[in-house]
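The values are calculated or read from the model by the stated rules, or taken from the named source; none is laboratory data. Given the structure is predicted, the values throughout are model-derived calculations rather than measurements. Cβ coordinates were reconstructed from backbone atoms using ideal geometry, including for glycine residues, and neighbour counts include every protein chain displayed.
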Amino acid sequence: MRPYRFLFTLLIAGAGLGTAANAQDYVGAGMSLNVFFSPSGQPFRAAPGQPYPVMAWFAQADTDKDGKISHDEFVNDATTFFNKLDTNHDGYINSPENSAYENDVAPEITRIDPRIKQPKNYVAQADDSGENSDPTAGRYQKQIVGASQYGMIDEPQPIRAADSNLDFRVRTDEWLNATNQRFSILDSNQDGFITPEELLKTPAQFASEAPAPGGKKGKGDKKKRFMGN
Ligand SMILES: [Ca+2]
Ligand SMILES: [Ca+2]
Ligand SMILES: [Ca+2]
């Protein structure tokens with residue numbers, strides 16, 4: 001898969017995502033604002049005020065506990081998640097299985113996190129046809145939506161992003177290709193391992209660490225408002 005094709009897939013994968021939400025919408029629906037999405041799109045949630053749960057994913061993937069994620073460990077982690085989503089075990093994530101991912105496994109991706117500062121001039125995500133995706137020809141920045149809000153890689157919908165032949169289902173080899181690309185992006189020094197130092201902060205992680213907007217109400221108020229405690 002050539003890089004530009006991958007990027008095109010990422011762009012259209014964002015279609016349909018992104019409903020503005022209040023922080024209250026997350027409460028009681030099994031969702032959390034303190035959430036990290038693994039590179040495969042698996043959500044890791046933590047209670048408000050707890051450390052950002054990126055290391056929960058890291059610990060899960062680092063099965064030999066040597067403090068770094070090897071390529072094999074990364075692929076195994078991605079494969080385990082694929083098999084979890086492939087509920088009928090036919091080797092594909094089909095449309096109903098993808099819908100189950102969006103609605104039940106990772107409902108956070110259908111909301112827009114109110115804490116995340118969006119680009120001032122953003123262009124809407126592409127529609128399902130993939131046509132007219134950016135009438136501004138790249139002059140405006142893309143909105144941060146879907147899993148991109150909680151992930152280290154800008155992929156609004158990591159399952160559909162892997163659907164490189166655009167037939168609305170993800171085969172195991174497509175998933176492996178996407179997984180290998182993701183590993184390459186994250187292993188920034190290309191030594192074959194992802195170390196804690198190579199982890200990138202997610203937009204939600206930045207937002208949760210940012211000072212309160214306007215600075216008038218102070219940090220405590222922001223925490224109260226957005227973290228629900
Ligand atoms: Ca390891
Ligand atoms: Ca299936
Ligand atoms: Ca590395």
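Some notes on this structure:
- Among the residues making up segment 58-93, those that are under 14 Å from residue 37 (Cβ atoms) and more than 16 Å from ligand 3 (Cβ to nearest atom) are 60, 78, 81, 85.
- Residues that are in a loop (DSSP other than H, G, I, E, B), touching a residue at least 12 places away in the same chain (Cβ under 8 Å) and away from ligand 2 (no atom under 16 Å from the Cβ), drawn from segment 41-68: 42, 46, 47, 48, 49, 50, 52, 53, 63, 67, 68
- When residues of segment 94-104 are limited to those that are within 15 Å of the chain's Cα centre (by Cα) and surrounded by 14 or more Cβ atoms within 10 Å (Cβ to Cβ), the one nearest to ligand 3 (Cβ to nearest atom): 101
- So residue 50, is it surrounded by fewer than 20 Cβ atoms within 10 Å (Cβ to Cβ) and either away from ligand 1 (no atom under 16 Å from the Cβ) or modelled with pLDDT of 95 or more (or both): yes
- In segment 77-94, the residues that are more than 19 Å from residue 58 (Cβ to Cβ) and assigned to a loop (DSSP other than H, G, I, E, B) form Cβ pairs under 9 Å with partners that are among the basic types (Lys, Arg) and more than 8 Å from ligand 2 (Cβ to nearest atom), at six or more places apart or across chains, as follows: 91/171.
- Taken over segment 69-93, the criterion of being away from ligand 2 (no atom under 16 Å from the Cβ), surrounded by 15 or more Cβ atoms within 10 Å (Cβ to Cβ) and more than 19 Å from residue 44 (Cα to Cα) is satisfied by 70, 71.
- The set of residues in segment 54-67 being surrounded by fewer than 19 Cβ atoms within 10 Å (Cβ to Cβ) and within 12 Å of ligand 1 (Cβ to nearest atom) consists of 59, 60, 63, 64, 65, 66, 67.
- Tallying residues that are modelled with pLDDT of 95 or more and either closer than 29 Å to residue 89 by Cα or outside any helix (DSSP H, G or I) (or both) within segment 187-222 yields 13.
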